[in-house]
Every structure is written in C-alpha cells, then in structure tokens.
Amino acid sequence: MASSSDFDGILLGMGNPLLDVSAVVDQDFLTKYDIKLNNAILAEDKHLPMYDEMSEKFNVEYIAGGIFIHPFWMLQIPGATSYMGSIGKDKYGEAMKKDATAAGVNVHYYEDESTSTGTCGVCVLGGERSLIANLSAANCYKVEHLKKPENWALVEKAKFYYIAGFFLTVSPESIQLVREHAAAHNKVFTMNLSAPFICEFFKDVQEKCLPYMDYVFGNETEARTFSRVHGWETDDVEQIAIKISQLPKATGTYKRTTVITQGADPVVVAEDGKVKKYPVIHLPKEKLVDTNGAGDAFVGGFLSQLVHGKAIEDCVRAGCYASNVVIQRSGCTYPQKPDFN
C-alpha cells in the first residue's frame, strides 16, 4: 500500500494563476463586449472596462482560479501537487497564495512587483460560460524563476507534469525545460489544448511541445480548431483524436493518449489507433449552475487517478465525477471532500 510520502510532490503544474471575476450576465453585456459563450480568449483593450462594469451591474464572486485545486481535491493528500506561475505583489496575489496553501497545494509563485495579479472575467449565461483573461502579472513569468534550485527541485521530484496550453503564450522556455526533463527521465508529460486561439495563433510553439505530450486533453471545439489549423479537413472528433494520438513522439516510453471532452456527450479517448467512448454522468438541466471549471475539473480528476497508476477508464470516471460536481456549483468550488470511490 502506497503511503502519502510516496505522493509528495508527485504532480507539478505550470500555468497562469488568475483570480476569477465571475458573474451571471445578460445577452446585452455579451454583445457589448463581443463575447461568445463556450469560448476562452485573451482580453483586448476593448474588454478592459468590463471587469469594473461586471462588479457594478451584476452579483460578482471572486474565486482563486488555478488548475491545481482540482487534482488536490480528488487526491486529498497535502503536498502531492505543486504549482508554478506568476502573480502580482498585491491583495489578490495574497488571496491566491492563501487559498492554494489552504487547499494543500505547494505553490511557488514568481511575484512581479510592477504588475497586478491577473484576472479572468467569467461570464455565465444559461449555464454556459465564456472566459476573458486579463493576464497582467501571469504574463510575466520568467524562466529564471524555474531555474532557481528550490523551484527546479519541484521539477526533479515530480513524476507527472501538467501544463496548461495557456502557458504557451507566457513562457515557452520554461515548458521546454520541463518537457525535456520529463523525456530524459521517462516521466509523464501532459498538456491541454486549452482554447481555440491557442491552436490557431500559437500553433508553432504548440507543435514544438506535441512530440513530448504523453496525454493531450481538450474539448470538441479545440479539437476541431486544431484539425482545421493542421489542414485535416475533418470535423469528426473521433478521427481528430486518433490523428493527434498518432503524431510523432520524442520518446517511445509511453504511447500518446488523446482525451477529448464534449460537454454532455461521451468523452472520446484515442490510443493505439482506436477510440473508446465513455459516457458522462447525466445531469438534469435544472441542476446545472455553470460550466466554468468543468474542463480543469475533468483533468484534475483524471490526473488524480493517473498518479495512482489506475486504468484509463478509472481516470475518465474520476474526471467525469469531478466535473459533474463543479458544474453544480458557482465557479471553481468544491464541497470539502469528494465522494468518489
């Protein structure tokens, strides 16, 4: 039986720590700021006034976003997950640190003195969400921070890595160091397609990472954008998942597995040129609060079982459970403990 010390620092994540500014909005607000539901974009100048307007017009919640609450909640082993990214030296940054530490995540943030902590506008309408990220300090992560002995020690200790595709816009050099370490030491490197704009406008840096990805996560919209950008001329999610899994790999230690979620439709998993589909947990429409955090929750649940060496079906089941819990609550929040078998 593995002890909790076997899991110390087993999973390292890197990404953009953002404070979610979340509210149920109306269609006029979405139209005014040219926001499409079920999408994720970087804020442009035209979006900057929306954060204040949200807090004036709607009932806003401030929630520390960040992918690393999710696997910890499922694992319930303090210190099993570590996380790096960049925050500002301000009250939001302090809140992020406090929330993550309280959740048992070992955060090593780079703190930028000149820029405020990043925020993510989460606009919810009819249960669907749209994310507008104003990166601010999250955009300031420096590879020098990763190279510091106390931070690189987290890389060496981990056996699994999860890097959000959004981080490709911030520090490709940091991702390169981590993926090369993972490949050299036969560790498991995973990434997320994260958003259609990443597949489209950061195609080159994403392609450099693909050979190192042992697991690729995404949703159906991201998968279809990936297919279009690569000239595959298919919208069939199963075919796209197979094609992604068969792209060249840097090492032969692990075969690549592609995992594509499709909202209420089955999860598509491609490996060895074959596809398996796994149904999600049915949720009556009236129980859906908002879909914000569903994708991250799915990956968190999946990874919580992957680090235990569980089979793919168990990983998917845990991912479906975690996302089912999160979409019944406002923002990326959870009950105190999971009820997962």
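Yes/no per residue for (1) closer than 22 Å to H230 by Cα; (2) free of Cβ contacts under 8 Å to residues at least 60 places away in the same chain; (3) touching a strand residue (DSSP E or B) at 6+ places or on another chain (Cβ under 9 Å); (4) aliphatic (A, V, I, L, M):
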position	(1), (2), (3), (4)
L168	yes, yes, yes, yes
S194	yes, no, yes, no
F197	yes, no, yes, no
E200	yes, yes, no, no
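The set of residues in the range 85-110 being part of a helix (DSSP H, G or I), open to solvent by less than 80 Å² (accessible area, probe 1.4 Å) and either at pLDDT 90 or above or of a type in the set (G, A, S) (or both) consists of G93, A95, A100.
The combined condition, being under 17 Å from the mean Cα position of the chain (by Cα) and either more than 21 Å from E207 (Cβ to Cβ) or open to solvent by less than 60 Å² (accessible area, probe 1.4 Å) (or both), is not fulfilled by A158.
Condition check: within 30 Å of L37 (Cα to Cα), β-branched (V, I, T) and open to solvent by less than 30 Å² (accessible area, probe 1.4 Å). Does T117 satisfy that? So T117 passes the test. Going through (1) over 16 Å from the mean Cα position of the chain (by Cα); (2) hydrophobic (A, V, I, L, M, F, W, C); (3) under 16 Å from A264 (Cβ atoms); (4) modelled with pLDDT of 95 or more one by one, L283 falls short only on (4). Scan L146, L168 and give me the residue that is modelled with pLDDT of 95 or more, closer than 21 Å to N39 by Cα and open to solvent by less than 20 Å² (accessible area, probe 1.4 Å). Only one candidate passes the filter, namely L168. Residues that are closer than 24 Å to D6 by Cα and under 17 Å from the mean Cα position of the chain (by Cα): does the range 219-226 have at least one? No - not one qualifying residue is present in the range 219-226. Which one of the conditions (1) farther than 23 Å from L131 by Cβ; (2) open to solvent by less than 30 Å² (accessible area, probe 1.4 Å); (3) touching a residue at least 40 places away in the same chain (Cβ under 8 Å) does P338 fail to meet, given that it meets all the rest? All conditions pass for P338, except number (2).
When V269 is tested against the conditions (1) over 30 Å from L125 (Cβ atoms); (2) open to solvent by 40 Å² or more (accessible area, probe 1.4 Å); (3) not in a loop (DSSP other than H, G, I, E, B), the lone failure is (2). For first residues located in the range 275-297 and over 18 Å from E313 (Cα atoms) and surrounded by 14 or more Cβ atoms within 10 Å (Cβ to Cβ), partners that are of a type in the set (K, R) and at pLDDT 80 or above and lie 6+ apart or on another chain with Cβ distances below 7 Å form the pairs D290/R129; T291/R129; N292/R129. Scanning the range 26-41 for residues that are of a type outside the set (G, A, S), buried (at least 17 other Cβ atoms within 10 Å of the Cβ) and either in a helix (DSSP H, G or I) or out of contact with any helix residue (DSSP H, G or I) (no Cβ under 7 Å at 6 or more places or on another chain) (or both) yields F29, I35. Residue pairs whose Cβ atoms lie under 6 Å apart, sitting 6 or more positions apart in sequence or on different chains, and linking a residue in the range 103-120 that is among the aliphatic types (A, V, I, L, M) to a partner that is open to solvent by 20 Å² or more (accessible area, probe 1.4 Å), are A103/I69; A103/F72; V105/F72. Could you tell me whether L210 is in contact with a Leu (Cβ under 6 Å, 6 or more places away or on another chain) and open to solvent by less than 40 Å² (accessible area, probe 1.4 Å)? When the stated conditions are applied, L210 passes them. Each residue in the range 256-297 was checked for being farther than 18 Å from R129 by Cα and among the aliphatic types (A, V, I, L, M), and 9 pass. Of a type in the set (S, T, N, Q) and in a loop (DSSP other than H, G, I, E, B), is that true of S114? Judged against the criteria, S114 is a match.
Does the range 219-234 contain at least one residue that is farther than 23 Å from D265 by Cα, surrounded by fewer than 21 Cβ atoms within 10 Å (Cβ to Cβ), charged (D, E, K, R) and in contact (Cβ under 8 Å) with a residue 12 or more places away in the chain? No; the residues of the range 219-234 include none that is farther than 23 Å from D265 by Cα, surrounded by fewer than 21 Cβ atoms within 10 Å (Cβ to Cβ), charged (D, E, K, R) and in contact (Cβ under 8 Å) with a residue 12 or more places away in the chain. Residues of the range 171-207 that are open to solvent by 30 Å² or more (accessible area, probe 1.4 Å) and either among the hydroxyl-bearing types (S, T, Y) or closer than 15 Å to L247 by Cα (or both): K203, D204, E207.
The values are calculated or read from the model by the stated rules, or taken from the named source; none is laboratory data. Small disclaimer: the values here were computed from a predicted structure and weren't measured. With ideal geometry, Cβ positions are generated from the backbone for all residues, glycine too; neighbour counts draw on all protein chains shown. Accessible surface areas use protein heavy atoms only, side chains included; no ligands, DNA or RNA. Shrake-Rupley method; radii C 1.70, N 1.55, O 1.52, S 1.80 Å.
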